[in-house]
Every structure is written in structure tokens, then in C-alpha cells.
Amino acid sequence: MVCVPLEALKLVEFIPHLFESDKPEAELIHAYAIDAGEPWEKDLATAAHRAGYLCLSPGQQQRSIEHDRRLFPMPSHIDKLAVIGIARLKYRPRTKMTAAWFAKSKEQAEVFMPTYQEIAGSAVESAGEIRNSPLEGANSPSETGTG
């Protein structure tokens with residue numbers, strides 16, 4: 001009998017999620033989808049990374065690129081932050097519970113997206129220059145103000 005992991009069969013995917021700590025009672029902050037996940041989760045991860053990246057000095061930015069770091073700004077009172085991969089069925093059942101999860105996931109993204117955009121905007125203003133994150137296209141119209 002051959003056992004093949006569900007992930008290898010593309011039936012399950014692991015989505016990184018940010019939690020206030022690694023304790024079982026820790027509060028979920030939001031998904032941080034990179035390769036897999038819902039479109040709004042990926043958009044949120046990109047916005048979080050951009051905000052974190054723009055808060056760094058040029059030297060720190062270079063190190064984050066060299067070490068392929070994914071970034072996100074967090075309030076300083078969250079000092080035990082944990083990134084935990086949660087297994088998720090690739091093909092989910094169409095149930096009320098799944099619909100509720102979808103709605104909550106979108107709601108979390110809608111809550112955090114403006115915060116990350118504001119942090120990125122403030123970082124650009126204070127730096128006086130635009131430094132693109134490697135997850136974004138260089139000189140995209142939204143970055144250069146030409147679009």
C-alpha cells in the first residue's frame with residue numbers, strides 16, 4: 001500500500017496565518033497567503049509585506065530580499081506573534097459553515113487592508129522616496145503616481 005500525502009495530491013494546502021501567540025487560545029489575526037489561498041488573502045499578504053518592507057531602512061530592505069523574508073507590521077504589544085500554517089481543503093464543501101468562514105476571512109482582510117495601506121503611505125511620505133517591495137512590480141503605476 002502506497003501512502004501519498006494529501007498535499008502532494010493537491011487536495012490540501014497549507015495557508016500561513018498570523019496569530020497573537022502560539023498558545024491554543026491565541027487570537028487569529030488574519031491569513032497571510034503567499035502561494036495558495038483566496039485572492040483577498042493573497043492581496044492582504046502583499047499589502048502587509050509592502051507596508052513592512054517600506055518601514056525598513058534600505059539596508060534592511062536589501063537583507064529582506066537576500067533572505068527572501070516575508071514581512072508584516074504588527075503592534076508592539078503583540079510580542080509573541082506566531083505564523084502557523086493551517087491545512088485547508090482545496091475543494092471545500094458548500095455548507096453554511098464554509099460560507100461563514102469565507103465571510104469572516106473576507107471581513108478580516110477588509111479590516112486590515114486599509115491599515116496596511118496607511119502604514120505604507122506613511123512610510124513613503126516619511127522616507128521621501130518610493131522603494132518597491134520585491135513582491136510588487138518595479139515602477140508600477142500605483143507606485144510612481146503616474147497611473
For this session: Excluding residues fewer than 8 places away in the same chain, name every one of the lysines whose C-alpha is closer than 19 Å to that of residue 42.
Result: 10, 90, 104, 106
For this session: Show me 65-76, 84-95, 27-38 ranked by packing, highest mean number of other Cβ atoms within 10 Å first.
Result: 27-38, 65-76, 84-95
Exercise. Length gain on complete extension for the stretch residue 8 to residue 67, per 0.36 nm per residue less the alpha carbon to alpha carbon distance?
Worked result: 18.6 nm
Exercise. Classify segment 1-44: rounded, prolate or oblate, from the alpha-carbon gyration tensor (a ≥ b ≥ c, eigenvalue square roots; a/c under 1.5 rounded; otherwise prolate if a/b is larger than b/c)?
Worked result: oblate
Exercise. What's the extension gain from residue 34 to residue 77 if we count 0.36 nm per residue and subtract their Cα-Cα distance?
Worked result: 13.0 nm
Problem set entry | Net lengthening on full extension, residue 117/residue 57 (0.36 nm per residue, minus Cα-Cα) | 19.8 nm
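Bear in mind these aren't lab numbers, they're just calculated from the coordinates by the rules spelled out. What you are looking at is a predicted structure, and each value in this text was computed from that prediction instead of being measured. Note that we place each Cβ from the backbone using ideal geometry, even for glycine, and neighbour counts take in every protein chain shown.
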